[in-house]
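I have placed the structure first, in the form of structure tokens, so that the comments after it can refer back to it.
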Amino acid sequence: MHAVDADLMHLLAERPELRVVLTTRAPTCTADLDLTDGSVVRVVTLSELALTEDETKELLQSQAGMRDEATAASAAAAVVRATRGFALAVRSVVLTIAQLGRMPPLDSEEWGAVVTARLESLLPDARTVQFVSDTSVPPYVDVELGRRLTGAADASALFSVLERNGFGRWIPYAPGRQVFQYVETIRSSFRTRAARDPARFSQLCTTTAEWLLDNEEVVSQALLYALEGRDHRLADRVFFTLVIENPDSYTTDRFLTPLSGVPEDDLRMHPMLAFGLALALTASPVRRAEAPRIARIAAEAEARHSHAEPHVDEFALAAMRAIAWRLANRHRESAALSTRALRLSEQASAANGSQFSGHVGTILRQLSYSLFQGGQFDEAMQAAERSVSLCRTPVTRDFSLVYAAAYHVFTCDVVRAGALSASIDTRSWPPEFRDSYLNGMGIVANGYHRLDALDHAGALDVLRHADGFIGTAEFWPFLTALSLSARSGLGQGLPEARRLLRELRGAVPPPGVGENVATERLCAVLALALVSAGETAEAARLLARLPRRGPQLAGAQIAVLLASGREQEAHDRTRRALECTGHTLRSEAETQLLGAVAALRVGALDDARALLVASAVTWDVYGPRAHVAWLRPEDRRRLGELFADDSGAVVGRFLDAREATPGAVPGRAPEPGGPVSPQRIPAPLLTRREKVVLSALASHASARDIAEVLVVSPNTVKTQLRSIYRKLGASSRREALDLARGQGLLPEP
């Protein structure tokens with residue numbers, strides 16, 4: 001309708017002398033126009049064409065003898081609800097009530113029969129009544145489908161009769177082709193009549209599903225009809241088509257109710273339906289806990305169906321099982337099976353030329369996520385970039401680019417991530433996707449860009465785009481780790497850390513939590529946040545409870561040892577941690593930086609310099625610097641003092657804890673959906689009292705002097721100064737004042 005409205009407005013602008021009368025059954029913005037330039041648009045909507053309750057009450061009083069006002073009003077409301085005010089249907093129901101001499105109980109079989117019976121009497125014979133019943137099952141019907149549903153060779157002539165009698169109308173379906181659409185009230189009544197014969201109704205639903213699928217119409221409707229017809233083999237084939245063509249099938253619980261009606265024995269026979277049910281359960285806030293069990297049914301099912309081409313079928317089945325193990329929180333198995341599916345993808349994409357390449361590309365995107373969560377980073381990035389090359393439409397390519405960019409940012413190749421993000425076709429990226437699951441990994445990528453700029457307020461702002469879906473998204477650990485990092489950088493980490501501990505210990509784990517990379521990273525950030533807030537014992541307990549201690553946790557383990565006063569053990573742990581396989585450049589750089597602190601504290605200055613330089617060079621080349629925010633100001637100052645000459649310039653910039661402009665991050669990438677303009681980073685979030693203390697600090701040399709001026713105790717001032725220094729990233733009075741002036745918190749002297 002928006003396109004029709006736009007055309008009409010353009011026409012009126014070009015030809016202001018025109019006068020337009022528009023009748024419509026759908027909403028139109030032209031109804032809200034206030035045209036003051038002399039042109040007039042008269043919009044006649046469905047509500048104006050429909051009979052109102054008052055008009056229906058008059059009919060009941062005059063034709064059905066309902067003299068009592070209250071009874072007639074109640075009956076009129078029921079008739080309008082049942083018929084939606086459609087004049088032909090209202091007339092039929094009122095005449096039937098007049099013949100009965102009473103009002104049947106609402107929602108009873110008799111009431112349903114009343115709504116339908118009079119309409120049937122308007123048709124010429126029983127054969128036409130049956131024709132209308134059968135062809136009311138689909139949402140719309142063309143002549144071909146009408147013949148398939150009813151066997152009537154004269155379907156075209158029958159539709160013409162129905163159109164003349166006001167039962168429906170022809171509407172555009174495709175170029176040079178129309179379909180017949182019944183008035184919804186009539187279709188609803190006759191569809192109810194058709195359902196009284198369950199066997200025939202089931203066959204009608206199946207035939208409709210096949211027609212919708214064959215005509216490449218809305219595939220989701222074909223799935224619903226196949227399920228309603230209880231043809232689970234057909235439904236399995238339809239879902240196969242849906243899941244490889246429509247990425248949205250991974251994000252919604254809209255199929256939950258119909259799929260929940262499939263018996264478990266049938267789910268084992270039709271694993272794609274089990275997979276579909278697992279996806280729907282995963283997306284349901286209420287029933288999410290049931291998803292892993294159903295996902296295991298899909299992963300373990302032995303049935304094999306032929307839906308497309310043999311190589312494509314084999315690849316799709318292997319991929320489905322790999323992804324199902326991920327939904328079952330078995331991430332290692334998922335990654336292993338994804339590797340096998342990748343080998344099959346070559347043959348599948350080559351099958352029948354490029355016919356299936358787009359399908360393979362869509363599936364590869366999901367396999368890449370399984371590989372990434374299993375710690376197979378190189379394979380995941382290669383799969384994602386191959387997905388980009390195989391996807392045939394700009395939108396599907398954009399989805400894959402988002403994943404590829406996020407992987408590179410997380411592992412630390414910010415330059416490559418920037419190139420991938422810059423490749424996103426912003427013209428084809430729908431604006432509504434920015435705040436949807438489909439942009440989940442894009443939000444992860446942009447969150448890390450902000451953290452690497454030490455722009456913690458900006459990172460939180462980016463993460464607000466995930467508010468609408470984070471509760472059911474398997475990206476939850478990635479997004480939550482980013483949120484906790486940002487809040488910790490703003491001095492708000494402890495309450496959030498405590499909340500997350502409670503959530504992780506709940507009866508139902510949050511989505512995406514398991515033995516995977518994202519959960520390891522979240523636990524690492526959680527431990528670092530607890531250490532920063534002085535909750536070292538709690539951080540140690542958290543890490544001790546984890547079943548696996550992968551490279552993503554190395555930095556957090558060193559930080560806990562340092563906070564516990566076990567500096568030599570932290571130094572020894574650094575060497576062993578860096579020898580582990582499975583590091584990303586980011587986790588390695590974080591381990592090197594915290595290891596440099598450990599080396600510094602035990603007096604191993606050469607080790608400290610080497611580790612610090614390695615971490616700083618990684619930042620200078622690739623861009624990761626979020627871990628600098630976890631350093632205590634004193635440790636950061638002492639590390640900086642290791643390089644007193646110009647050779648420490650890179651290290652000095654690396655350790656500078658002031659927030660940087662986002663555009664200054666190496667390889668800075670635009671957000672999916674549009675480029676991000678460089679912007680002024682907000683100043684640290686000082687409280688009103690902290691701003692007063694900061695102002696006093698500029699003119700008074702000691703905490704005691706400030707306390708006398710503000711009439712508070714020196715200990716209170718010291719506490720407030722510690723908070724100010726931490727938020728500014730300063731380790732001395734002079735540094736705090738310089739940083740405050742540089743960020744506009746104080747005037748220049």
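The values are calculated or read from the model by the stated rules, or taken from the named source; none is laboratory data. Model, not experiment: these values are computed from the prediction. Methodologically, a virtual Cβ is constructed for each residue, glycine included, from the backbone with ideal geometry; neighbour enumeration extends over all protein chains shown.
Would you please name the residue that is modelled with the highest pLDDT, looking only at residues in region 32-52 that are within 21 Å of Val114 (Cα to Cα) and crowded, with 16+ Cβ neighbours inside 10 Å? In this case the residue turns out to be Leu51.
Residues that are within 15 Å of Leu528 (Cβ to Cβ) and surrounded by fewer than 24 Cβ atoms within 10 Å (Cβ to Cβ) within region 574-616 comprise just one, Ala577. For region 519-532, state whether one or more residues are in contact with a helix residue (DSSP H, G or I) (Cβ under 8 Å, 6 or more places away or on another chain), at pLDDT below 90, surrounded by fewer than 24 Cβ atoms within 10 Å (Cβ to Cβ) and of a type outside the set (A, V, I, L, M). Checked region 519-532: no residue is in contact with a helix residue (DSSP H, G or I) (Cβ under 8 Å, 6 or more places away or on another chain), at pLDDT below 90, surrounded by fewer than 24 Cβ atoms within 10 Å (Cβ to Cβ) and of a type outside the set (A, V, I, L, M). On the stretch given as region 305-326, residues that are surrounded by fewer than 24 Cβ atoms within 10 Å (Cβ to Cβ) and either outside the structural domain of Val360 (by TED's automatic domain parsing) or over 10 Å from Met272 (Cα atoms) (or both) total 9.
Just to be sure I understand, how many residues within region 366-385 are without any contact (Cβ under 8 Å) to a residue 40 or more places away in the chain, buried (at least 21 other Cβ atoms within 10 Å of the Cβ) and not hydroxyl-bearing (Ser, Thr, Tyr)? Before the answer, list the steps.
First, the residues of region 366-385 that are without any contact (Cβ under 8 Å) to a residue 40 or more places away in the chain: 368, 371, 378, 380-382, 384-385.
Cutting the leftovers down to buried (at least 21 other Cβ atoms within 10 Å of the Cβ) gives us 368, 371, 380-381, 384.
With the extra rule that they be not hydroxyl-bearing (Ser, Thr, Tyr), the set shrinks to 371, 380-381, 384.
The qualifying residues number 4.
Of all residues in region 533-556, those that are assigned to a helix (DSSP H, G or I) and in contact (Cβ under 8 Å) with a residue 24 or more places away in the chain total 11.
Just checking, which of Leu526, Leu522, Leu530, Leu501 is farther than 30 Å from Arg293 by Cβ, of a type in the set (A, V, I, L, M, F, W, C) and in a helix (DSSP H, G or I)? First the steps, then the outcome.
Working: Leu526 fails: farther than 30 Å from Arg293 by Cβ; Leu522 fails: farther than 30 Å from Arg293 by Cβ; Leu501 fails: farther than 30 Å from Arg293 by Cβ.
Just a single option satisfies the conditions, and that option is Leu530.
The condition (being assigned to a loop (DSSP other than H, G, I, E, B) and not acidic (Asp, Glu)) is satisfied by just one residue among Thr426, Thr396: Thr426.
Specify the residue that is surrounded by the fewest Cβ atoms within 10 Å (Cβ to Cβ); the eligible residues are those in region 138-166 that are under 20 Å from Cys205 (Cβ atoms) and of a type in the set (Asp, Glu). Show your work before the answer.
Start the filter on region 138-166 by keeping residues that are under 20 Å from Cys205 (Cβ atoms), which leaves 138-152, 155.
Narrowing the set further to residues that are of a type in the set (Asp, Glu) leaves 142, 144.
Details: Asp142: 21, Glu144: 15.
Residue satisfying both the conditions and the ranking: Glu144.
The set of residues in region 176-227 that are under 36 Å from the mean Cα position of the chain (by Cα) and acidic (Asp, Glu) comprises Glu184, Glu210, Asp214, Glu216, Glu217. Restricted to helices (runs of 4 or more DSSP H) entirely inside region 227-328, those with at least 2 residues that are under 27 Å from Tyr437 (Cα atoms) are 232-245, 256-260, 271-282, 291-300, 310-327.
So which of Arg177, Arg169 ends up being surrounded by fewer than 17 Cβ atoms within 10 Å (Cβ to Cβ), in contact with a strand residue (DSSP E or B) (Cβ under 8 Å, 6 or more places away or on another chain) and closer than 30 Å to Leu223 by Cβ? If you could, list the steps in order and put the result at the bottom.
On the way: Arg177 fails: in contact with a strand residue (DSSP E or B) (Cβ under 8 Å, 6 or more places away or on another chain).
When all the criteria are applied, what remains is Arg169.
Residue count for region 360-401 under the criterion of being within 23 Å of Gly582 (Cα to Cα), under 19 Å from the mean Cα position of the chain (by Cα) and not polar (S, T, N, Q): the result is 6.
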